[in-house]
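Throughout, read-outs are computed from the coordinates displayed, never taken from laboratory work. All values reported here derive from a predicted model rather than from experimental measurement. As a convention, Cβ positions derive from the backbone with ideal geometry for all residues, glycine included, and neighbour counts pool all protein chains shown.
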Amino acid sequence: MHRIDRRKFFAAAAGLTLGALSRRSSAATAPAPWRQLPTDAYTGKQDDICFVTKDIGWYGNGAGKLYRTANGGESWNKIWEQPGTFIRALGFIDERNGFLGNVGTDYYPKVTDTHPLYRTRDGGASWTKVEAPGIDIVKGICGIDILQQQRIFQGELRPATVIHAAGRVGGPATMLRSVDGGETWSVVDLRPHAGMILDVKFFDAQNGLVCAATSDDVEKASALILRTADGGATWNRAYQSARPFENCWKMSFPSRQVGYATVQNYQEGATARVVAKTVDGGITWRELPLVNDAQVREFGVGFLNERYGWVGTTTSGFETRDGGESWSPVDMGRAVNKIRIVQDGDRFRAFAIGVGIHRLDGASPPRA
């Protein structure tokens with residue numbers, strides 16, 4: 001079996017300087033209405049962007065720089081910087097309260113920060129460390145899920161925020177969990193079930209999913225999606241690919257039942273790229289072909305509704321309007337790791353972050 005250089009694998013996952021980011025597939029050059037936004041130059045893939053309204057949002061990068069916009073990304077201000085921190089994931093409850101996930105040390109150059117999760121109460125101007133019993137086993141964060149619900153408390157309906165922060169690429173597989181808006185946290189150890197975690201999605205406080213891989217050794221790893229129905233106390237395998245050199249990178253659920261997940265493949269010579277899809281809330285999954293191109297490696301995924309969505313890849317992006325049965329190339333930037341969609345009445349605004357940031361404004365199509 002061909003042996004892959006682990007450092008090159010983790011560099012690819014981090015979006016550092018790679019030939020793949022500078023090569024464009026001929027299949028991914030079709031014009032599209034995505035518009036590039038002005039941002040500071042950055043070498044490689046930037047990992048997360050988060051908006052609480054169509055205008056107010058943040059993005060961060062591996063250099064430990066955090067930016068804020070109040071005009072939908074038309075301009076950005078750098079509001080915080082911490083060299084040595086790799087901003088891998090962001091999640092905000094509102095304009096002031098948010099969370100920042102650091103990927104952690106051991107794999108990426110110039111990353112010296114060992115603390116996995118931070119909290120802000122002033123819109124990102126300052127950050128404090130999140131603490132939890134047993135947090136020492138959490139080496140880094142790759143995905144943050146913010147779930148805002150309404151709960152009955154002493155006869156009144158009150159907001160309740162459930163937060164999960166999970167990671168990381170290369171392992172170990174762990175998750176931080178809060179059911180009180182980030183005031184207190186517990187650690188969920190998934191090391192018996194997976195080698196690494198790349199993303200997390202919860203539908204309520206009990207039912208959730210993680211994108212993962214079966215091993216922290218990429219040669220042995222298959223793409224994996226784990227499901228819990230008891231808040232992370234127990235986990236079941238909902239999907240596992242039949243190929244090595246794979247992981248499940250990101251997921252998007254436009255509805256409670258229908259969801260999509262990107263499958264990354266690092267096997268030399270492999271060309272078939274697939275997307276996993278569920279129509280029963282993550283209980284079962286099937287693979288849909290995306291493209292047959294060795295230059296393409298999948299990253300982010302975002303869907304406006306059950307049929308209309310996008311996948312970001314090393315070369316650019318792909319769009320579907322029929323629930324993943326067919327895909328068309330679209331220019332939405334290279335190495336798009338995260339796609340965020342904000343609904344605004346009968347309009348929507350989508351943001352795609354990778355080497356740069358692109359935005360798409362449009363009318364929300366009628367529900368299928």
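Absence of a disulfide-compatible partner, taken as no other cysteine beta carbon within less than 4.7 angstrom, is noted in the chain for CYS50, CYS142.
Loop only per DSSP, at most 14 neighbouring Cβ atoms within 10 Å: give me the GluC sites (Glu not before Pro) in region 292-337, ordered by residue number.
Loop-located and lightly packed - GLU325.
The stretch between LYS220 and ASP106 holds 39.0 nm of extra length on full extension. This uses 0.36 nm per residue minus the Cα-Cα distance. Annotation: aspartates and glutamates with alpha-carbon distance below 12 angstrom to LYS78 (same-chain offsets under eight excluded): ASP40.
Please tell me which of these pairs span more than 21 angstrom C-alpha to C-alpha: LYS65/LYS338; LYS54/LYS338; LYS129/LYS201; LYS139/LYS250? Beyond 21 Å: LYS129/LYS201.
A simple spin-label model places the labels of ASP346 and ALA160 3.6 nm from each other, with each point 7 Å out along Cα-to-Cβ. Count Lys and Arg as plus one, Asp and Glu as minus one, and take only other residues whose Cβ is under 9 Å from that of ALA352; the net charge is then +3.
A full extension of the chain between ALA132 and ILE283 corresponds to an added length of 51.3 nm, given 0.36 nm per residue minus the alpha carbon distance. Taking label positions 7 Å along the Cα-Cβ direction at both SER186 and ALA125, the computed distance is 3.6 nm, reported to one decimal.
Spin-label model, GLU268/ASN71: points 7 Å from Cα along the beta carbon direction are separated by 5.0 nm.
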